[in-house]
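Reading through the structure tokens given below for one structure.
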Amino acid sequence: MISTVARAARPAPMITTDGGAMVSARVNDMAAAAYAGWLREDATLEEMRTGFDGMCPEPPADATLTEGVVGGVRGTWVEVPESGEATILHFHAGGYLIGSPTSHRDLGSRIARAAGARVFLADYRLAPEHAFPAAHDDGVAAYRGMLADGVDPASLVVSGDSAGGGLALAVLAAARDAGDPLPAAGVLMSPWADLTLAGDSMTGREAVDPLVSRAVLTEMQQGYLQGVDPADHRASPLLGNLAGLPPLLVQVGSSEVLEDDAVRIADGVLRAGGEAFLQVGYEMVHVFQMFADRLPEGAAAVDRIGAFVRAHVRSTATV
């Protein structure tokens, strides 16, 4: 079940998840089993990277995958028969340490189909080999590359999941600050947008989150920032200016420690006079959309992303 808080003229959203943070054995066991092979205390970074890529489903047979470069950033273009004029620039999950276009080919294909879009999965540089602000700089370069390549910003959407969701938000803020044309919309899935780890759910949801914990996030934060202040707005865009952004769809599960990042993003955008839609998946885990092949709620969330993209690209492009 998804409870939705839509954009309104009021300053802050009310959130209902039909009873608060409950635990679904069905969902938690499925997610924990998927992560168990590689998210271990003794796993090396390379094992985590290989395991994360291998955990994710293969893309559908009718998806076309093409390697490409946008703004100097390598990545993978994903197209399906339903792909139309819309373009989505997507930043993958992985705490800035793991993840790749390979891990997100299935999710990218599903979003492409639901949104009637082509998706570029940006292969931004990872830490610790490339510390902050490498990922941020690659994200901004990829966005500007889209514009330089002639993509109409009215048909462009920036999206991301987990750390990629925080990166997507930071890219939107950077484009606004630079006076670049803004995209039609943004989509954030379980965004990690506050690397100070200050959200209330960081403690309140830790007992029910089977995948993410303060300890895991602390290791990823340290590996990425390598001594830089975690409150830097390029790393923690939630702590920066949330005014003047394009409409945002923010999805999150009620059983994850990062729930409060999503809530605070939507709240901050609304308070700043913007447009935000917050969708909380009851008993859902971190980036539950990645389990859309086996989780009906994940598939439904992807469908909602598609509807949001279609509505905003269509309405913006025809103005």
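The values are calculated or read from the model by the stated rules, or taken from the named source; none is laboratory data. Computed from a predicted structure; not experimentally measured. Ideal geometry is used to build each Cβ from the backbone, glycine not excepted, and the neighbour counts take in all protein chains shown. Just the protein is used for accessible areas: all its heavy atoms, side chains included, with ligands, DNA and RNA removed. Shrake-Rupley method; radii C 1.70, N 1.55, O 1.52, S 1.80 Å.
On a per residue basis, region 214-319 carries 35 Å² of accessible surface, using protein heavy atoms and a 1.4 Å probe.
Select from Ser236, Pro247, Gly223 the residue farthest towards the positive end of the dipole of region 218-286; place +1 on Cβ of Lys and Arg, -1 on Cβ of Asp and Glu, and compute about the Cα centre. Going by the charge dipole, the pick is Pro247.
Between amide H atoms placed 1.01 Å from N, distances below 5 Å from Ala276 occur with Arg7, Ala8, Leu248, all of them 5 or more places distant or on a separate chain.
Across all Cα atoms of the chain, the radius of gyration (one decimal) and Dmax (whole number) stand at 17.6, 54 Å.
Compared with the direct C-alpha span, the chain from Thr196 to Leu45 gains 52.1 nm at full extension, assuming 0.36 nm per residue. Rounded if a/c is under 1.5, else prolate if a/b beats b/c, else oblate: with a ≥ b ≥ c from the C-alpha gyration tensor eigenvalues square-rooted, which is region 171-319? Since a/c reaches 1.5 but b/c is at least a/b, the shape of region 171-319 is classed as oblate. Ordering of 220-231, 176-187 by packing is 176-187, 220-231, highest average first (other Cβ atoms within 10 Å, averaged per residue). Within the chain, DSSP assigns beta bridges of which about 35% are antiparallel (rounded to the nearest 5). Under a model in which nothing but the beta-carbon of Lys, Arg (+1) and Asp, Glu (-1) is charged, region 28-78 shows a dipole of about 180 debye around its Cα centre.
Averaging 1/r over each pair of different alpha-carbon atoms in region 218-285 and inverting the result gives 13.2 Å, the Kirkwood hydrodynamic radius. Between the beta carbons of His233 and Thr66, assuming R0 = 35 Å, the FRET efficiency works out to 0.55 to the nearest 0.05.
Taking amide H atoms as placed 1.01 Å from N in the peptide plane, the amide H of Ala185 lies under 5 Å from those of Val158, each 5 or more residues away in sequence or on another chain. Near the amide H of Asp161, within less than 5 Å, lie the amide hydrogens of Phe91, Ala93, Met189, all on another chain or at least 5 residues away, with H placed in the peptide plane. Which of rounded, prolate or oblate describes region 252-319 when judged by the alpha-carbon gyration tensor and an a/c cut-off of 1.5? Oblate is the answer for region 252-319, as a/c is 1.5 or above yet b/c matches or exceeds a/b. In the chain, helical runs assigned H by DSSP with n ≥ 4 each contribute -39500 (n - 2.57); averaged across all residues and rounded to the nearest 500, the mean residue ellipticity at 222 nm is -11500 deg cm²/dmol. With the charge dipole of the chain set up from +1 on Lys and Arg Cβ and -1 on Asp and Glu Cβ about the Cα centre, the Cα lying farthest toward the positive end among the listed residues Val313, Ala198, His286 is that of Val313. Charge tally for Glu58 (other residues, Cβ to Cβ under 10 Å; Lys, Arg +1; Asp, Glu -1): -1.
Other residues lying with their Cβ under 12 Å from the Cβ of Tyr224 contribute a combined charge of -1, Lys and Arg counting +1, Asp and Glu -1.
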